[in-house]
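Heads up, the thing below is written out as structure tokens.
The values are calculated or read from the model by the stated rules, or taken from the named source; none is laboratory data. Predicted, not measured: the structure shown is a model, and the values here were computed from it. Note that each Cβ is placed from the backbone with ideal geometry, even for glycine, and that neighbours are counted across all protein chains shown. With ligands, DNA and RNA removed, areas are computed over all heavy atoms of the protein, side chains included. Shrake-Rupley method; radii C 1.70, N 1.55, O 1.52, S 1.80 Å.
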Amino acid sequence: MTKFRPVTNRFAVDIGALQSGQIALFGLGIDANSSHLSGAAAAPGAIRAQLHSGSGNYTTEDGTDLDGVIADVGDVAVANNVGSIDDLDAITTAVDTILAAGASPLALGGDHSVTYPILRSVGRKFGAASADGVTIVHVDAHPDLYDDLDGNPLSHASPFARIMEAGLCRRLVQIGIRTATAHQREQAVRFEVETVEAPAFDSFDPASITGPTYVSIDLDGLDPSCAPGVSHQEPGGLTTRQVLNLIAELPGPIVGADVVELNPTRDVVDMTAMLAGKLTKELAAKMASVLSP
Ligand code: MN
Ligand code: MN
């Protein structure tokens, strides 16, 4: 049984009290699988601090009041060790628990390694590679398709290789990519990944994404001018408005999501943490919009 470390805030709910139809917010304090810098393990707390800072309110752009919609079940208890199978299993079991309650998972990373264990649960529930399977919309500067990085197959640079090998989705659509190496381009062909490189963003039609959708947002997919607080700043990325419009225009249903790779040690006046909080709110409202009658 996966343990959750409870948090205290207005959305906080004990995991045992999670109700069907709620959006289950949970933190994943993992940065041991980061290849370059540590720091992302502190992101869940930094995002919650902005979410509840008093600077804004709890109503989203479409008018959704998030009170009673988001249930913050706390942080999954992890050891945060490199390549940890125990942490991998703890995350998958945590998402199984959320889905079994009839709730939808919304994860606060942590580095991007967390998306593979989340998809082990979500992908299996939605029939994985079947016709009704889940489509992953992945915003990132990087494809994260390395077979391994520095000998770690669970690296934050590899989650989508593991997801595709295991057949955990029907389609993988990567948006904002601008750093694909020759190896990663080969992997994209091998796994039939659909790539929307950053310069082609305006030609992408979100309405082309149909059926159950999982949204994974690596904050370095946005331009460093919008999101400086990441470990791998890569100029030439998407704007905040472009990503918000993408979320709003996805037909859905959005069955799960993650916001990953915030590195608070690199942030400037908490602006990336605030952005992560904003994306979290808008994702929650979008996820909830298809759950209510
Ligand atoms: Mn990235
Ligand atoms: Mn990534």
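A few comments on the model shown:
- Each residue was assigned an accessible area with a 1.4 Å probe, and for His36 the value is about 110 Å².
- Residues Asp132 and His36, FRET efficiency given R0 of 41 Å [Cβ-Cβ distance, rounded to 0.05]: 0.65
- Global geometry of segment 154-210, whether rounded, prolate or oblate, following the gyration tensor of its Cα atoms and the 1.5 cut on a/c: oblate
- With helices as the sole contributors, the chain gives -8500 deg cm²/dmol at 222 nm; each DSSP H run of n ≥ 4 counts as -39500 (n - 2.57), and the sum is divided by every residue.
- Extension gain, Met271 to Asp62, is 73.0 nm, computed as 0.36 nm per intervening residue step minus the present C-alpha separation.
- Rounded, prolate or oblate (a/c below 1.5 giving rounded, otherwise prolate when a/b exceeds b/c) for the chain by Cα gyration tensor: rounded
- Sequentially through segment 245-261, phi angles give Karplus couplings (6.51, -1.76, 1.60; θ = phi - 60°) of 5, 4, 4, 5, 8, 5, x, x, x, 8, 9, x, 7, 9, 10, 10, 6 Hz, Gly and Pro residues having no value and appearing as x.
- Remark: segment 133-148, residue by residue, has Karplus-estimated 3J(HN,Hα) of x, 7, 9, 9, 9, 10, 9, 5, 6, 10, x, 6, 10, 4, 4, 7 Hz, where x stands for each Gly or Pro and the curve is 6.51 cos²θ - 1.76 cosθ + 1.60 at θ = phi - 60°.
- Taking a ≥ b ≥ c as the square roots of the eigenvalues of the alpha carbon gyration tensor, segment 163-293 is oblate, as a/c is not under 1.5 and a/b does not beat b/c.
- Note, ³J(HN,Hα) from phi for segment 185-199, Karplus 6.51, -1.76, 1.60, rounded to Hz, x at Gly and Pro: 5, 5, 4, 4, 5, 4, 9, 6, 6, 8, 10, 10, 5, 3, x
- Under 5 Å from the amide H of Cys169 lie the amide H atoms of Ala129, each residue being 5 or more positions distant or on a separate chain, with H modelled from the backbone and absent for Pro and chain starts.
- A crude spin-label estimate for the pair Ala166 and Asp147, with each label 7 Å from Cα along the Cβ direction, gives 2.0 nm.
- Positive-end extreme of charge dipole, the chain - chosen from Leu145, Gly133, Met164 (charges on Cβ): Gly133
- Accessible carbon and sulfur surface of the chain relative to its total accessible area, %, 1.4 Å: 51
- Separation in nanometres of the label points that stand 7 Å from Cα toward Cβ, at Asn81 and Thr179: 2.8
- With both labels modelled 7 Å from their Cα along Cα-to-Cβ, the Ser289 to Thr210 distance reads 1.9 nm.
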